[in-house]
Amino acid sequence: MRSMPAVLVVEDEPAIAELVAVNLRHNGFRTTWAMDSASAQREIDAGVPDLILLDWMLPGDSGMVLAKRWRAHPRTKDVPIIMLTARGDESDRVAGLDAGADDYIAKPFSTKELLARVRAVLRRKAPEPVGESVTVGQLTLDPATHRVSFANQPLKLGPTEFKLLHFMMNSAERVHSRAQLLDKVWGDHVYIEERTVDVHVKRLREAMLQAGCMVETVRGAGYRLTSKPENGIPAAEKAGA
Ligand code: CA
């Protein structure tokens, strides 16, 4: 286990980058600073960091473009990304999450908030104490190997989606409100909006392919994982596994 997590700060405003870097260093992080997309890519090519703080508005490729690229690349797909954005508009922030960011912070932010979010994202990413493999219908999740399969077909899930599914499988058929999911899956991450849950549920359903319908929306209540979705799972029945 590495004692000092490495954070890549991608930010074109030197004053903000320095403020962030100094605070992270004082709190036990190693930091590298890249001021544009090209140097950020060079840093990543040289070594994959534990977390990326990524400014939205950058010279060259935007933070959105970079987040999408790094999410799609095998080397960087699991590296947590926190977007730094001056944009206050919720639709922009959701777009950032859709691009693959794990969280976002709107500027101006306090360094205390920044540290809390960095720690929360790293904690979410950290290996959990290994639990038992859990099966719901034909869906199986193994925390030890971090593998999920449906009808013996492997599914590819992001770290937050994996944690969300794990929690929902451990309490299958039960309905959870967005607030409960935030509490159980995101932990003490108090700043995050309930809307974020919807973004990750959407991503989870997409990643689960034909089994996505097992994650049901319960109107006015929240979400439930069920082995008997209302519309069934046609492809799985055909597979007959
Ligand atoms: Ca900027």
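The values are calculated or read from the model by the stated rules, or taken from the named source; none is laboratory data. Note that the structure is predicted; figures quoted are calculated from it, not measured. Glycine gets a Cβ as well: all are built from the backbone with ideal geometry, and neighbour counts include every protein chain shown.
Among the residues that make up segment 134-152, is at least one of them in a helix (DSSP H, G or I) and surrounded by 14 or more Cβ atoms within 10 Å (Cβ to Cβ)? Within segment 134-152 (the criterion being in a helix (DSSP H, G or I) and surrounded by 14 or more Cβ atoms within 10 Å (Cβ to Cβ)), the answer is no, since none of the residues qualifies. Taken as a whole, the structure leaves Leu115 outside the set of residues that are within 28 Å of Ala46 (Cα to Cα), touching a helix residue (DSSP H, G or I) at 6+ places or on another chain (Cβ under 6 Å) and assigned to a helix (DSSP H, G or I).
Asp89 meets each of the listed conditions (1) among the charged types (D, E, K, R); (2) modelled with pLDDT under 90; (3) under 25 Å from Arg123 (Cβ atoms) apart from (3). The residues of segment 160-176 that are of a type in the set (Phe, Trp, Tyr) and surrounded by fewer than 16 Cβ atoms within 10 Å (Cβ to Cβ) amount to a single one, Phe167. Of the residues that sit in segment 78-93 and are in a loop (DSSP other than H, G, I, E, B) and touching a residue at least 40 places away in the same chain (Cβ under 8 Å), which one is surrounded by the fewest Cβ atoms within 10 Å (Cβ to Cβ)? Taking the candidates together, the pick is Asp78. Taken as a whole, the condition of being touching a residue at least 24 places away in the same chain (Cβ under 8 Å) and buried (at least 22 other Cβ atoms within 10 Å of the Cβ) applies to Asp55. Sub-6 Å Cβ pairs linking a first residue in segment 94-113 that is in the same structural domain as Ala67 (by TED's automatic domain parsing) to a second residue that is buried (at least 22 other Cβ atoms within 10 Å of the Cβ) and polar (S, T, N, Q), at least 6 apart or interchain, are Tyr104/Thr85; Ala106/Thr85, ordered by first then second residue.
Selection of segment 106-133 for residues being buried (at least 19 other Cβ atoms within 10 Å of the Cβ) and β-branched (Val, Ile, Thr) yields Val118, Val121.
Could you check how many residues of segment 20-31 are more than 16 Å from Gly63 (Cβ to Cβ) and surrounded by 15 or more Cβ atoms within 10 Å (Cβ to Cβ)?
Qualifying residue count, segment 20-31: 6.
When segment 68-97 is filtered for residues that are under 17 Å from Leu58 (Cβ atoms) and acidic (Asp, Glu), only Asp92 remains. Candidates in segment 25-46 are the residues that are in contact (Cβ under 8 Å) with a residue 12 or more places away in the chain and of a type in the set (D, E, K, R); of these, the one that is nearest to Met4 (Cα to Cα) is Arg30.
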